[in-house]
Ligand code: FES
């Protein structure tokens with residue numbers, strides 16, 4: 001049986017975020033819930049001002 005269309009795709013971007021493709025239900029640290037669709041980038045460098053999401057700051061901090 002092919003489950004490929006049901007699989008959630010996760011990609012680690014070199015020097016950048018974790019990219020998750022699909023419909024996501026994200027529970028924030030404060031308990032609030034957010035629904036995301038398409039590609040969602042999660043910060044991996046720790047420098048984003050929109051955590052847990054990437055805001056592109058990894059480029060400025062030269063995250064590797
Ligand atoms: S990975 Fe992009 S801001 Fe942290």
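Selection of region 49-64 for residues being over 16 Å from residue 12 (Cβ atoms) and near the ligand (Cβ under 7 Å from one of its atoms) yields 55, 56, 57. On the stretch given as region 25-50, residues that are closer than 24 Å to residue 61 by Cα, touching a strand residue (DSSP E or B) at 6+ places or on another chain (Cβ under 6 Å) and loosely packed, with under 10 Cβ neighbours inside 10 Å total 0.
FYI, it's all coordinate maths here, none of it is from the lab. As the structure is a computational prediction, the values presented were derived from the model and not from experiment. Methodologically, a virtual Cβ is constructed for each residue, glycine included, from the backbone with ideal geometry; neighbour enumeration extends over all protein chains shown.
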